[in-house]
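Trainee: Just passing along the structure, written as structure tokens.
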Amino acid sequence: MNKLLPFILLFVSLQATAGLIINISDNGSGKSQFDLSGSDIVSSSGQFNNGIWFNDLYEYGAVAGDHSKGSGEFSVLSGAGGYDVGSGSWAINGFYVNGTAGGADWELAIGRSSGALAANAGDAIEFYGSLVADIDYSWFVAGTYFFDTLGPFSNNELGLTDGLTLVIGDLVEVPAPSTLALFGLGLIGIGWTRRKKQTA
């Protein structure tokens, strides 16, 4: 069994999740393409209200210029996507931007449906799909932004175990910290096994 442990750790490291990923890129016509992927486990209970809200994008530096641009509803031009949380499922049927002159932030909601989708600690959450929104890509600033909570712009966000990575621009695959840690443990285990053989 000791001989198998390093290889088991290596195998598990390859299966480790990088969490949730949303990639926003230019669709070739100046509009924003949203590619959603990944899965995670809810670490603390919360809910989505009328979609997934990002209320810190201006503070993160992810929005170009001032935050007065683009308030209102924005439609899905093509494609489809959604997210599953626990036993619930939600299709993305629109977007909403809340940006006001002199306001404190620029908020983006992905998915526009009435009501709330609750999530409890331990629930699985999965993102999927690719769609183009009627949102100018030029509004965004290329970069990688990390979030450890999801939800509405109130105090009942749900917590994430591995988090959500928002990539604006070209998506580059980056291993999750848990993947690197498990890979490192596997290498240490292999080295330890070989050293033990040499001393025996």
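Read-outs: derived from the displayed coordinates by stated rules, not from any lab. Not measured: the values here are computed from a predicted model. Don't worry about glycine lacking a Cβ; one is built from the backbone with ideal geometry, like all the others, and counts go over all protein chains shown.
Trainee: For ASP123, enumerate residues with amide H under 5 Å from its amide H, sequence gap 5+ or separate chain, H modeled in the peptide plane.
Mentor: Residues meeting the amide H criterion: VAL42.
Trainee: Next question. Would you please give the residues with an amide H less than 5 Å from that of GLY51, counting only those at least 5 places away or on a separate chain, with H modeled from the backbone geometry?
Mentor: Here SER113 satisfy the definition.
Trainee: Mind listing the phi-derived Karplus ³J(HN,Hα) values for region 156-170, rounded to whole Hz, using 6.51, -1.76 and 1.60 with θ = phi - 60°, and x for any glycine or proline?
Mentor: 10, 5, 8, x, 10, 6, 9, x, 10, 9, 9, 10, 10, x, 5
Trainee: Using a 7 Å offset from the Cα along the Cα-to-Cβ direction at both ASP170 and SER37, what is the distance between the two label points in nm, to one decimal?
Mentor: 1.6 nm
Trainee: Could you calculate the contour length gain from ASN93 to TYR60, that is, 0.36 nm times the residue separation minus the distance between their Cα atoms, to one decimal place in nm?
Mentor: 9.3 nm
Trainee: Let me ask you something else. Karplus couplings for region 74-83 from phi (6.51 cos²θ - 1.76 cosθ + 1.60, θ = phi - 60°), rounded to Hz, Gly and Pro as x?
Mentor: Listing the rounded values in order: 9, 8, 7, 7, 6, x, 7, x, x, 8 Hz.
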